[in-house]
Protein chains: 2
Amino acid sequence: MKKNCLIAQSGGPTAVINSSAVGVAFESFRSDWIDRVYASENGILGVLTGKYFCLNDVDFEQLKRLKTTPSSAFGSCRHRLKDWREDESEYVQIFRFFQEKNIGYFFYIGGNDSMDTVMKLSSYSKEKQLDVIILGIPKTIDNDLALTDHCPGYGSAAKYIGTSLLEIYQDAHVYQSELVTIVEVMGRNAGWLAASSALAQYNGKRVVDLIYLPEIPFSMEQFLKDVKACFDKTGNVLIVVSEGIRDENGVYLSDSEPLSDGFGHQQLGGVGQRLKQEVMNHITQRVKCVEFNILQRCAAHCLSETDVEEAYKVGKEAVHYAENGKSGCMVGIRRVSDKPYLMKPDLFEIDTIANQEKKIPQKWIVSEGNYVTQECLDYMQPLIMGEKFPDYENGLPAFSVLKCGE
Amino acid sequence: MKKNCLIAQSGGPTAVINSSAVGVAFESFRSDWIDRVYASENGILGVLTGKYFCLNDVDFEQLKRLKTTPSSAFGSCRHRLKDWREDESEYVQIFRFFQEKNIGYFFYIGGNDSMDTVMKLSSYSKEKQLDVIILGIPKTIDNDLALTDHCPGYGSAAKYIGTSLLEIYQDAHVYQSELVTIVEVMGRNAGWLAASSALAQYNGKRVVDLIYLPEIPFSMEQFLKDVKACFDKTGNVLIVVSEGIRDENGVYLSDSEPLSDGFGHQQLGGVGQRLKQEVMNHITQRVKCVEFNILQRCAAHCLSETDVEEAYKVGKEAVHYAENGKSGCMVGIRRVSDKPYLMKPDLFEIDTIANQEKKIPQKWIVSEGNYVTQECLDYMQPLIMGEKFPDYENGLPAFSVLKCGE
C-alpha cells in the first residue's frame, strides 16, 4: 500500500538545499511506493504545529525553478528535540501527525543539529515499531559533517568565495597606493570556507596571501609578523580570515575584549574589524575590511553545477534508499576517484554523524598555519566545477517563492 | 599621417570600465587614422611617470577577455590637475609625452574628477594649438554624471544589488523569528545605487521595504517610525540605505557622533552599523547589517549585458568622434526611446559635465522620502537587462591580468 512522504529543511540555508528537496520530490512523484509528497514549513516545527503543504499541488515550473532558488524554500528552524526517554511529548505529537497524514517516509535536509533530529526520530520509530522511515540529507556551507566526502552547499559557497576574491583582488590592485584587505568568511569551527579562497588563482599564482583557520590557534603576534612580511614585499596584502578563529586558550577572537583605536573609541564588530584595527595600529592606515556575511550562503547567481547536481542526486537517491527500507541513516557522498572526479551517493549510519564535526585535517594546513596545502586544493577543486545559472526574468534571477512572501 | 592613441582609466573601478577600453582599442586597430594603441598605467599618473604599454602587443584572447574583466585593468588614480594658468608644469610634461610617443588621440575613461582632467587637458591643447584630441568616456557605478542618460558601470552594479537583495530576501525569511535587515550600499551624494534595489521584486511585490537616499534629508525619528510600522505589520523588514545619507543640517550620518550600544561601548563603523544600533535600541534585538562594500563595483560574474555592450559602444564611438576631429567632449548616452529601450552614443561638451553631479530628481522619490516611484523604476529597468557571463576556467571566472599581478 502506498504511503505519503514528508520533506523538511532545517538549519542555516544554502544555495542548493532546495535542489535536494526537488530531488526527493521528483523521485517521489515517480515512485510506486509513494503517493502524496508533503513539505513541512520551518522544519520539524511545521510538523509540531501542523503547518505543511503538498508539493503535488505546486505548479511544476515553480518546482523546477526551486532547483536554482537559494535558501530553504519550505522555511527552516533551529529546534532541538529532547531525549525521548526523558520527554516523549513532542515525539507523540510528531508521530501522530505522521499517522494522520499517512506519512511513511520522512526526509530531513540539514546539518549537524538536523542529523541529531534524524537520529532521535529514527531511534524512537524503531523502538516503538512505528514503521516510519527517517532519513537525513546533508546540507551545509560549512562542510563539517562527518564521514561524507563533502556536503552539498559547500561547493557553491566555495565558488562564490573564490569568485569574489578574484574580483576583490582586481579591485585592490587598481591604485598605486599600499593596501591591506581583510576578508571575513563564515565558519565557526571548521575552516573549509576560508580554505576555499585558496582556489582563487591567476595562472597558478596565489591571489590570497594569508588564510587564517579555526583549526589553528590564532596568535596576534604571528599574524602581524605574517602581514608585515607580505606588506614589505609588495605593499598589497589580501587576507582571508574565518569568523571562528580562536586564541591559544580557545577564546573566540570575536568574543575577546574590544580594542581601542588609539582615540579611545572602542571597536566592536567581527573578527575582520578587529584585525583591521590591529593592522592599522601596527602596519598601515590603509586597511579595508570586507564581510561576505549571508551573501556567501545564498548566492544562487553563482552556483557550482557540480554542487547543484550532487544535491539533487543525494535527494533522489534518498528516495531509493527509503523504498528499500533503509532508515536512521544519512545519504552522503563517497568520492570514487579524484582524477577524473567521480562521486557516488552512499549511506552512513546516523549515530556516527550526528553531533560530530569534520575539520580540515592538520596535514592539509601548511606548517606556518596560514595557508592550505596542494592536497587540500585538490580536494576542493572538483566541487566548484561547472556553472549552473538560474533562469532570469527582467534582468534578475527568477526564484521560486513557496512559503516565503505569500 | 597616422598618429598613435592613448587610453587611460581613472577613478573608482567598475565591472565594465575595461569593456570601454576594449571598445576604444578594437576600433582603433581598425582605424585608418590610428597606428599604435597605448595604455597608460594608473591613469594620467602613467603619463607623468612614463609608465605605459602597447595594446598591439597584448595577446588578442587576453584583450577579448578584458571585456568581462572587472576593475581598471590599466590601473587607476585619483590625481587632480592644477589649473594650467597657475601651474603649467604637469601639462608641459604630459604634452611632451604625447609628442614623443606621437599621440594624437587621448581617451580618458572615468567619472566626475576624470572629466575635469579631460576639460583641462583639452582646453590647454586648444589654447596652445597642440593638436591632440582629448575625449572623455564615462564610467561610474554612482551614475552621477550630468547630461548623459546614464553611465556605463551603473547597470551592472544595479544588477548585482538587485540580485543580492533577492537572495538576501530569501535568506531573511527562512526562520519564523522576527528580523530587521539593513543593507548599506555605496553612493556618497547620489542615491542611484540604493534606488536600484527597488528593482528586486517577486511578481510585482516589493522585496525591499524602505530605501533611504542622500537626496532626502535623513531624520532618525522618521526612520524609526517607518521601520516600526513595517515591523509591526510583518515582523520582517528589509531596508536599503545609501552610505551618503545626511541629516537636516547636511552632516553625513557616518560622520556624526558615535552611538552608545547601551553598555557604554561606542559604536563606530558605517551608516548601516549605526542604524542597526538604533533599531536594536528602539525596536528589536534581531538586526542584521550587510555591507556590499567593494563587491558591488567589481562583480563581473553578474554583468548586465546591456551595460557591457553600451560601455563597449561608447568606447568604439569615441574613436569615430576622434577621427572626425571632435575634442573636449564626453561621449555619453542618449536614450532614444523607453519602450522599446533604444540608446545612441552622443557627444556632450565637457565643461557642462565636469564637476557636476546628477542626483535622483525629487519627483522620482515618493513623498514619504523612503522609496522611489514607478517612473524611476522604468528608467532603471532597461539598464540591467541581459546577462553577460565571463569565461570560466577551473570553476572560476577567467579574467585578464595586464598591469596587475605581473
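The values are calculated or read from the model by the stated rules, or taken from the named source; none is laboratory data. In this text, all values refer to a predicted model and were calculated from it rather than measured experimentally. Note that each Cβ is placed from the backbone with ideal geometry, even for glycine, and that neighbours are counted across all protein chains shown.
Odds and ends about this structure:
- Residue within region A:44-51 that is on the phi > 0 side of the Ramachandran plot and either of a type in the set (Asp, Glu) or in contact (Cβ under 8 Å) with a residue 40 or more places away in the chain (or both) present: yes
- Test: residue in region B:328-351 that is more than 14 Å from chain A (Cβ to nearest Cβ), assigned to a helix (DSSP H, G or I) and in contact (Cβ under 8 Å) with a residue 24 or more places away in the chain: yes
- Residue B:275 in contact with a strand residue (DSSP E or B) (Cβ under 8 Å, 6 or more places away or on another chain), assigned by TED's automatic domain parsing to the domain that holds residue B:137 and crowded, with 24+ Cβ neighbours inside 10 Å: no
- Considering only residues in region B:61-70 that are farther than 20 Å from residue A:172 by Cβ and not basic (Lys, Arg), the one that is surrounded by the fewest Cβ atoms within 10 Å (Cβ to Cβ) turns out to be B:61.
- Residues in region B:235-249 that are closer than 17 Å to residue B:188 by Cβ and among the acidic types (Asp, Glu): B:243, B:247.
- Residue check for residue A:194: outside any strand (DSSP E or B), touching a Lys or Arg at 6+ places or on another chain (Cβ under 9 Å) and away from every other protein chain (no Cβ under 11 Å): no
- Some residue of region A:179-191 being in contact (Cβ under 8 Å) with a residue 40 or more places away in the chain, farther than 24 Å from residue B:399 by Cβ and either in a strand (DSSP E or B) or among the β-branched types (Val, Ile, Thr) (or both): no
- The number of residues in region B:147-159 being farther than 14 Å from residue B:385 by Cβ and outside any loop (DSSP other than H, G, I, E, B) comes to 1.
- Set side by side, the residues A:305, A:317, A:309, A:323 differ, and just one is in contact with a strand residue (DSSP E or B) (Cβ under 9 Å, 6 or more places away or on another chain) and over 30 Å from residue A:104 (Cα atoms), which is A:305.
- Hey, residue A:369 surrounded by fewer than 16 Cβ atoms within 10 Å (Cβ to Cβ), outside any helix (DSSP H, G or I) and either among the aliphatic types (A, V, I, L, M) or over 23 Å from the mean Cα position of the chain (by Cα) (or both) or not: no
- Taken as a whole, the structure leaves residue A:58 outside the set of residues that are farther than 25 Å from residue A:312 by Cβ, surrounded by fewer than 24 Cβ atoms within 10 Å (Cβ to Cβ), among the β-branched types (Val, Ile, Thr) and away from every other protein chain (no Cβ under 13 Å).
- Extreme residue, farthest from the other protein chains (Cβ to nearest Cβ), among residues of region B:160-178 that are outside any loop (DSSP other than H, G, I, E, B) and small (Gly, Ala, Ser): B:172
- Single unsatisfied condition, residue B:300 versus (1) in contact with a Leu (Cβ under 9 Å, 6 or more places away or on another chain); (2) surrounded by fewer than 19 Cβ atoms within 10 Å (Cβ to Cβ); (3) of a type outside the set (D, E, K, R): (2)
- Put simply, of A:207, A:183 the only residue that is at the interface with chain B (Cβ under 10 Å from one of its Cβ atoms), under 30 Å from residue B:44 (Cβ atoms) and not basic (Lys, Arg) is A:207.
- Some residue of region B:280-298 being over 28 Å from residue A:293 (Cβ atoms), out of contact with any helix residue (DSSP H, G or I) (no Cβ under 6 Å at 6 or more places or on another chain) and within 14 Å of another protein chain (Cβ to nearest Cβ): no
- The number of residues in region B:61-114 being over 21 Å from the mean Cα position of the chain (by Cα) and either within 14 Å of another protein chain (Cβ to nearest Cβ) or among the hydroxyl-bearing types (Ser, Thr, Tyr) (or both) comes to 5.
- Only a single criterion out of (1) closer than 23 Å to residue B:126 by Cα; (2) buried (at least 22 other Cβ atoms within 10 Å of the Cβ); (3) of a type in the set (Gly, Ala, Ser) is not satisfied by residue B:23, namely (1).
- For region A:172-226, filtered to residues that are within 25 Å of the chain's Cα centre (by Cα) and of a type in the set (Phe, Trp, Tyr), the residue that is farthest from residue A:369 (Cα to Cα) is A:192.
- Residue that is within 24 Å of residue B:400 (Cα to Cα) and touching a helix residue (DSSP H, G or I) at 6+ places or on another chain (Cβ under 9 Å), where the choices are A:158, A:194: A:158
- Which listed residue is in contact (Cβ under 8 Å) with a residue 12 or more places away in the chain, of a type in the set (S, T, N, Q) and surrounded by fewer than 23 Cβ atoms within 10 Å (Cβ to Cβ), from B:125, B:156: B:125
- Of all residues in region A:257-275 being out of contact with any Asp or Glu (no Cβ under 7 Å at 6 or more places or on another chain) and under 24 Å from residue A:141 (Cβ atoms), the one that is modelled with the lowest pLDDT: A:269
- Of all residues in region A:388-400, those satisfying the criterion of being crowded, with 19+ Cβ neighbours inside 10 Å and facing another protein chain (nearest Cβ under 10 Å) are A:390, A:395, A:396, A:397, A:399, A:400.
- Residue B:363 meets each of the listed conditions (1) without any contact (Cβ under 8 Å) to a residue 60 or more places away in the chain; (2) surrounded by 16 or more Cβ atoms within 10 Å (Cβ to Cβ) apart from (2).
- If you go through region B:71-118 and pick out every residue that is β-branched (Val, Ile, Thr) and over 22 Å from residue B:27 (Cα atoms), you end up with 3.
- Against the list (1) at pLDDT below 95; (2) touching a Cys at 6+ places or on another chain (Cβ under 7 Å), the condition residue A:188 fails is (2).
- Here residue B:355 meets the list (1) surrounded by fewer than 14 Cβ atoms within 10 Å (Cβ to Cβ); (2) touching a Gly at 6+ places or on another chain (Cβ under 9 Å) almost entirely, failing just condition (2).
- The numbered conditions (1) within 14 Å of chain B (Cβ to nearest Cβ); (2) of a type in the set (A, V, I, L, M, F, W, C); (3) more than 17 Å from the chain's Cα centre (by Cα); (4) crowded, with 24+ Cβ neighbours inside 10 Å are all true for residue A:141 except (3).
- Residue match in region A:331-338 (condition: farther than 22 Å from residue A:380 by Cβ and not hydrophobic (A, V, I, L, M, F, W, C)): no
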